[in-house]
């Protein structure tokens, strides 16, 4: 049976432990709040000899990702992490490992984007990297931050995957919170992540070219191949999570359900607010309401099949976005709507935006969203158009 | 149980919350410590949050709005902001102060109060004007959330050689804390 012990660990340190146990070869990262503790911890581990890795102190996130691309192409197991503006500065390079099929693993301590200057959590940084071709998943607590980072290596390096993986842990809510979690012993983990061998690495004895010119006669074919291979990763992701569950007893799925039995109304969340949302669902269930919670664990590739299955008997789906796409509304809500549009029978989808820039979402906030969504559905049935609502916003009156 | 630690940036309120979290977890309880997020500002009023639960996993991830216990590291903060008024009606305020219980009671309108001269103890025992570890003794006396012994290992891990002094300061505060 698995050997684990209960420890109190900060989310950032939980990530660092996973990277240490995965025995990463190269770490290239630039510190930025709220990701800083991950970098600090890893550099300590390297300095103390607890992790035999090359720690590259870079001058920017752009260089951090460039160094990861090079190290991964040379066959190294690599790690980086960033947040908010740092992810934006890294953006240009993010497409390279996904197009070159390099299994870089990165953790994002999600942070809102300036201006006004902010270091606090929301999902604006995550949404700005939707289309980069990385596998992307979200943790809700420190245990999951550890588990998913570990799984990220096994998924990324699977010879049928070979895509970079991004694990999102909400800045501060996970990165700076200490809580109890299970930490497996090193030898348990060693058996879970196989030795890594990329089929085509940079090697002076067997020269290969990577990232060559892609003129119009070949570029579209490369993109088609990339998309097909990327969509096919879902089965491998599920397979790895199953292997993890068999070994450690914690089970993950692309779409996870909470108290969805006979639910007519479902709330959909992503990330660290999901456990608070569970408390709201518990309270509403205690009052006899048919509500449940759906969480998107996997964000890319988008789990179309699993989402459609999860909402097949739902009448109203309430979607929370922690990000605003200006002039358009909530990006998660719009993707959920498009995922369901082709169905004959589909729920009403009502979106809300909350939790921007580190504003807490409380239990009452979730209860409000659900009540308000039911009112909005009545309006839709009367033929009225409904507007996207940002909750908890002071309007200047009576303040 | 929800506990707010009210101090100034640099006084170690976050460390206090973290040490108690580790102690509670070592006793098999569920615990969560959460700083008031953001850039650190030395000297500015800062809150740290701590939740301890015997049986159930702590799921809520938000600042504590109405604490059961309020630990005040700096008596100068009693008149600052609305922090004290957010304490639950039957909640207890644990205050670092030289003043007598009767004197301070008029400054702070709470039902239950625990006081200790943590600054005096910290200066005597640690030779430092940092009261966070000392105030853990007062918190444990007033709220009994963990055993004093459970703090020893987290302090040793955190402070190394100087843990002994911090443990002594904590124990002294435990002895000297007065409760209404």
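Checking residue A:64 against (1) in a helix (DSSP H, G or I); (2) in contact (Cβ under 8 Å) with a residue 40 or more places away in the chain; (3) crowded, with 24+ Cβ neighbours inside 10 Å, which single condition isn't satisfied?
It is condition (2) that residue A:64 fails.
Scanning the range B:20-35 for residues that are part of a loop (DSSP other than H, G, I, E, B) and either within 8 Å of chain A (Cβ to nearest Cβ) or touching a strand residue (DSSP E or B) at 6+ places or on another chain (Cβ under 8 Å) (or both), which turns out surrounded by the fewest Cβ atoms within 10 Å (Cβ to Cβ)?
The extreme case among them is B:28.
Would the range B:71-83 turn up any residue that is over 13 Å from the mean Cα position of the chain (by Cα) and facing chain A (nearest Cβ under 9 Å)?
no
Any residue at all in the range A:14-23 that is buried (at least 24 other Cβ atoms within 10 Å of the Cβ) and either within 14 Å of another protein chain (Cβ to nearest Cβ) or at pLDDT below 95 (or both)?
For the range A:14-23, residues buried (at least 24 other Cβ atoms within 10 Å of the Cβ) and either within 14 Å of another protein chain (Cβ to nearest Cβ) or at pLDDT below 95 (or both): present.
Determine, yes or no, whether residue B:17 is in contact with a helix residue (DSSP H, G or I) (Cβ under 8 Å, 6 or more places away or on another chain), within 13 Å of another protein chain (Cβ to nearest Cβ) and at pLDDT 95 or above.
no
Please work out if residue B:67 is facing another protein chain (nearest Cβ under 10 Å) and either surrounded by fewer than 19 Cβ atoms within 10 Å (Cβ to Cβ) or within 14 Å of the chain's Cα centre (by Cα) (or both).
No; evaluated as a whole, the condition is false for this residue.
Within the range A:294-324, take every residue that is in a strand (DSSP E or B) and more than 18 Å from the chain's Cα centre (by Cα) and give me the one that is surrounded by the most Cβ atoms within 10 Å (Cβ to Cβ).
A:318
Would you call residue A:152 away from chain B (no Cβ under 11 Å), touching a helix residue (DSSP H, G or I) at 6+ places or on another chain (Cβ under 9 Å) and either crowded, with 24+ Cβ neighbours inside 10 Å or without any contact (Cβ under 8 Å) to a residue 12 or more places away in the chain (or both)?
yes
Within the range A:174-194, take every residue that is part of a loop (DSSP other than H, G, I, E, B) and either modelled with pLDDT under 90 or touching a strand residue (DSSP E or B) at 6+ places or on another chain (Cβ under 8 Å) (or both) and give me the one that is farthest from the other protein chains (Cβ to nearest Cβ).
So the residue we want is A:191.
Yes or no: the range A:335-348 includes at least one residue that is modelled with pLDDT of 95 or more, part of a loop (DSSP other than H, G, I, E, B) and in contact with a helix residue (DSSP H, G or I) (Cβ under 6 Å, 6 or more places away or on another chain).
Within the range A:335-348 (the criterion being modelled with pLDDT of 95 or more, part of a loop (DSSP other than H, G, I, E, B) and in contact with a helix residue (DSSP H, G or I) (Cβ under 6 Å, 6 or more places away or on another chain)), the answer is yes, since at least one residue qualifies.
For the range A:12-35, give me each residue that is in contact (Cβ under 8 Å) with a residue 24 or more places away in the chain and more than 24 Å from residue A:243 (Cβ to Cβ).
Passing the criteria: A:12, A:13, A:26, A:27, A:28, A:29, A:30, A:32, A:33, A:34, A:35.
Filter the range B:36-51 for residues that are within 12 Å of chain A (Cβ to nearest Cβ) and either assigned to a helix (DSSP H, G or I) or under 13 Å from the mean Cα position of the chain (by Cα) (or both) and give the result.
Answer for the range B:36-51, where residues must be within 12 Å of chain A (Cβ to nearest Cβ) and either assigned to a helix (DSSP H, G or I) or under 13 Å from the mean Cα position of the chain (by Cα) (or both): B:48, B:49, B:50, B:51.
Just to be sure, is residue B:11 in a loop (DSSP other than H, G, I, E, B) and either within 13 Å of another protein chain (Cβ to nearest Cβ) or modelled with pLDDT under 95 (or both)?
The answer is yes for residue B:11.
Which condition from (1) crowded, with 21+ Cβ neighbours inside 10 Å; (2) assigned to a helix (DSSP H, G or I); (3) more than 14 Å from chain B (Cβ to nearest Cβ); (4) more than 18 Å from the chain's Cα centre (by Cα) is the one that residue A:263 breaks?
Here residue A:263 meets the rest and fails (2).
Of everything in the range A:131-149, what is within 12 Å of another protein chain (Cβ to nearest Cβ) and in a helix (DSSP H, G or I)? Give them in sequence order.
Listed by number, the residues that qualify are A:142, A:143.
From the list B:94, B:125, B:116, B:80, which residue is modelled with pLDDT under 95 and farther than 26 Å from residue A:175 by Cα?
So the residue among B:94, B:125, B:116, B:80 that is modelled with pLDDT under 95 and farther than 26 Å from residue A:175 by Cα is B:80.
Can you say whether residue A:176 is over 29 Å from residue A:303 (Cα atoms) and within 20 Å of the chain's Cα centre (by Cα), as far as the supplied structure shows?
Judged against the criteria, residue A:176 is a match.
For residues that are within 20 Å of residue A:110 (Cβ to Cβ) and touching a helix residue (DSSP H, G or I) at 6+ places or on another chain (Cβ under 8 Å), scanning just the range A:274-290, find the one that is nearest to the other protein chains (Cβ to nearest Cβ).
A:276
The values are calculated or read from the model by the stated rules, or taken from the named source; none is laboratory data. All figures in this text were calculated on a predicted structure; none of them were measured in a lab. Ideal geometry is used to build each Cβ from the backbone, glycine not excepted, and the neighbour counts take in all protein chains shown.
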